[in-house]
Amino acid sequence: MGGLAKGRCVLVACMILAATAIAPADTLYLKNGMYIVVTKATEKDGQIEYWVGTTKYTISKTLVTKIERGDSPSANIASANRASPAIQDLSHRDPDPVTANVGHDKLRMPVPGGPKQNEPYWIALRGRILQGDRISEMKLAEIELDQDARTTSNAYFLAGVAEMQGGSAGKAGVYFESALRATPEQANLLEWHAIALSAQGRYDEAVHELEHAITLAPDSAHLRQILGLAQYNADHTSEAVTAWKQAMELSPDQSTATWLRKAQRELEVEERSRRRQSSHFTLHYQGDATSAELQQQLLPTLEEAYRDLAGQLSYQPAENIIVILYTQREFVDITEAPSWAGAINDGKLRIPIGGVTAMNLQLEHILKHELTHSFLRSLAGGRCPTWLNEGMAQLMEPRSSSSYASRLSVLFQERKAIPFSALEGSYTHFSDMQAQVAYAESLSGVEFLRDRYGMGEVLRMLRNIGYGAEPEMALRQSTGMDYSAFAQRVGEYLAKVGEN
């Protein structure tokens with residue numbers, strides 16, 4: 001999520017008040033694996049009303065698992081939360097597909113059911129394609145030489161599913177292509193291939209495969225639903241609206257209805273917008289709301305930031321990056337972002353321009369911050385924990401923790417900081433004050449990792465997370481530390497920074 005539009009200037013005050021912000025009387029446990037610690041919480045008319053200091057907030061009761069009276073969660077409670085499915089499944093943190101993408105991801109395609117691998121046929125076939133615990137290209141080739149199209153197709157299909165489960169969408173896509181060569185015109189294989197292509201950011205190719213699948217299964221609401229997802233991610237919003245309307249006519253569905261409403265709101269803005277493109281970006285903007293000077297400056301600024309990030313991260317995303325400029329009102333209406341968000345990246349960079357007529361340093365930082373999320377989403381396969389994601393984005397702006405290091409170090413030393421396990425998920429449910437502390441901890445953690453272990457090790461952590469490692473395990477692989485030891489070391493690091 002973008003830089004904090006509100007409250008960056010009062011971060012020092014937040015650090016002073018953080019003990020009461022982080023450890024008040026009640027704790028709300030949310031269904032997405034996060035918690036909010038508050039002064040007081042009550043239930044009223046299907047809503048949970050809660051106070052942070054003297055400020056009242058509301059949240060739907062449907063988003064809350066429980067309210068716990070008493071002090072803030074301890075590190076032990078956070079560790080217990082870490083074992084829950086909502087925390088472990090970083091690629092789909094919230095069971096509700098509508099709210100699962102409020103971080104830095106494009107809309108995710110639901111993965112279809114694979115082969116029933118406990119059935120004797122699939123068990124035997126799996127044994128034929130494995131060498132140890134790895135897919136054997138030699139054994140697949142031997143099966144193909146038997147010229148049994150069904151067995152060949154199923155073998156490659158099984159290999160593709162295994163690679164998808166292991167986070168290797170590129171390898172999976174190659175296997176699905178081989179399966180389709182053996183048995184063309186299979187809607188299920190086309191769907192799997194489209195999902196593998198989407199995971200690589202190849203959305204237009206995914207659209208082509210899904211359109212083909214629909215010709216084979218024209219009455220499938222599911223295929224039209226995921227066609228809409230691929231079209232939306234490919235920046236074909238009008239086509240996505242059409243696909244989702246057709247899916248709703250075949251089989252009404254709450255998730256599809258929510259995506260359709262979101263896309264229709266965006267389409268209203270798009271129809272008033274102009275479009276410009278560069279090597280890596282597609283920019284949507286409204287001519288009457290964006291000055292001519294800013295129109296000329298935006299794409300060159302983005303391309304410069306892209307080159308710098310590609311050099312620092314030794315990586316380039318495969319997909320074209322979509323940037324949409326909004327008025328402040330449109331931004332709030334469409335993104336439904338929390339009040340402290342200055343921009344958002346949900347797979348598309350959504351930037352409220354709010355009267356800016358020319359490029360300035362603050363806007364450059366916001367663009368660099370949001371663009372970093374796009375790089376990390378691709379680099380870590382959509383699995384990057386929020387503390388690492390937001391810490392890296394701030395680091396790349398560039399931003400430093402030096403101005404609040406001594407105050408934040410006290411929180412770590414007194415064990416009143418937000419546990420890193422609780423910073424793996426979205427920050428959107430945090431209050432302004434909690435969000436500022438969360439962002440400060442995120443930056444401090446990444447600064448410590450960079451200064452102590454080097455950017456190369458941070459990038460290795462990101463790649464390991466993308467390959468399927470849990471964030472704490474990836475941290476342990478790179479540093480030998482779990483989250484508890486990591487927090488202690490970050491606190492010591494901040495104390496030294498504060499002395500300088």
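The values are calculated or read from the model by the stated rules, or taken from the named source; none is laboratory data. These figures come from a predicted structure and were not determined experimentally. When we count neighbours, we look across all protein chains shown, and the Cβ atoms used for this are built from the backbone with ideal geometry, even at glycine. What goes into the accessible areas is simple: the full protein's heavy atoms, side chains included, and nothing from ligands, DNA or RNA. Shrake-Rupley method; radii C 1.70, N 1.55, O 1.52, S 1.80 Å.
General remarks:
- For region 299-314, a tally of residues being part of a helix (DSSP H, G or I), small (Gly, Ala, Ser) and either under 11 Å from Phe375 (Cβ atoms) or open to solvent by less than 20 Å² (accessible area, probe 1.4 Å) (or both) returns 2.
- Scan of region 260-280 for residues that are touching a helix residue (DSSP H, G or I) at 6+ places or on another chain (Cβ under 8 Å) and among the hydroxyl-bearing types (Ser, Thr, Tyr), ordered by number: Ser278, Ser279
- Residues that are surrounded by fewer than 17 Cβ atoms within 10 Å (Cβ to Cβ), modelled with pLDDT under 55, farther than 30 Å from Gly382 by Cα and among the charged types (D, E, K, R) do occur in region 53-76.
- Hey, Glu177 among the acidic types (Asp, Glu) and open to solvent by less than 40 Å² (accessible area, probe 1.4 Å) or not: no
- Among residues that are touching a residue at least 12 places away in the same chain (Cβ under 8 Å), more than 27 Å from Ser374 (Cα to Cα) and among the acidic types (Asp, Glu), Glu209 is not included.
- Subset of region 392-438 [of a type in the set (A, V, I, L, M), within 30 Å of Glu49 (Cα to Cα), in a helix (DSSP H, G or I) and in contact (Cβ under 8 Å) with a residue 40 or more places away in the chain]: Leu408, Leu411, Ala422, Met433, Ala435, Val437, Ala438
- Those helices (runs of 4 or more DSSP H) of region 447-500 in which at least 1 residues are touching a Ser or Thr at 6+ places or on another chain (Cβ under 9 Å) and within 23 Å of Ser402 (Cα to Cα), considering only elements entirely within it, cover 455-466, 483-499.
- The set of residues in region 482-500 that are within 12 Å of Pro419 (Cβ to Cβ) and open to solvent by less than 40 Å² (accessible area, probe 1.4 Å) comprises Tyr483, Phe486, Ala487, Val490.
- Test result for Met455, modelled with pLDDT of 90 or more and crowded, with 20+ Cβ neighbours inside 10 Å: no
- Once region 287-298 is narrowed to residues that are touching a Phe, Trp or Tyr at 6+ places or on another chain (Cβ under 9 Å) and open to solvent by less than 30 Å² (accessible area, probe 1.4 Å), the residue that is farthest from Glu397 (Cα to Cα) is Gln295.
- The residues in region 315-335 that are in a helix (DSSP H, G or I) and either surrounded by fewer than 20 Cβ atoms within 10 Å (Cβ to Cβ) or free of Cβ contacts under 8 Å to residues at least 40 places away in the same chain (or both) can be counted, and the count is 7.
- Screening Ala213 against (1) open to solvent by 10 Å² or more (accessible area, probe 1.4 Å); (2) over 25 Å from Arg377 (Cα atoms) leaves a single unmet condition, (1).
- Filtered residue count, region 245-266, keeping only those that are more than 30 Å from Arg307 (Cα to Cα) and either in contact (Cβ under 8 Å) with a residue 60 or more places away in the chain or under 23 Å from the mean Cα position of the chain (by Cα) (or both): 12
- Residue that is modelled with the highest pLDDT, among those in region 122-170 that are in a loop (DSSP other than H, G, I, E, B) and buried (at least 18 other Cβ atoms within 10 Å of the Cβ): Ser168
- Candidates are the residues of region 346-400 that are out of contact with any Ser or Thr (no Cβ under 9 Å at 6 or more places or on another chain) and polar (S, T, N, Q); the one that is nearest to Ala318 (Cα to Cα) is Ser378.
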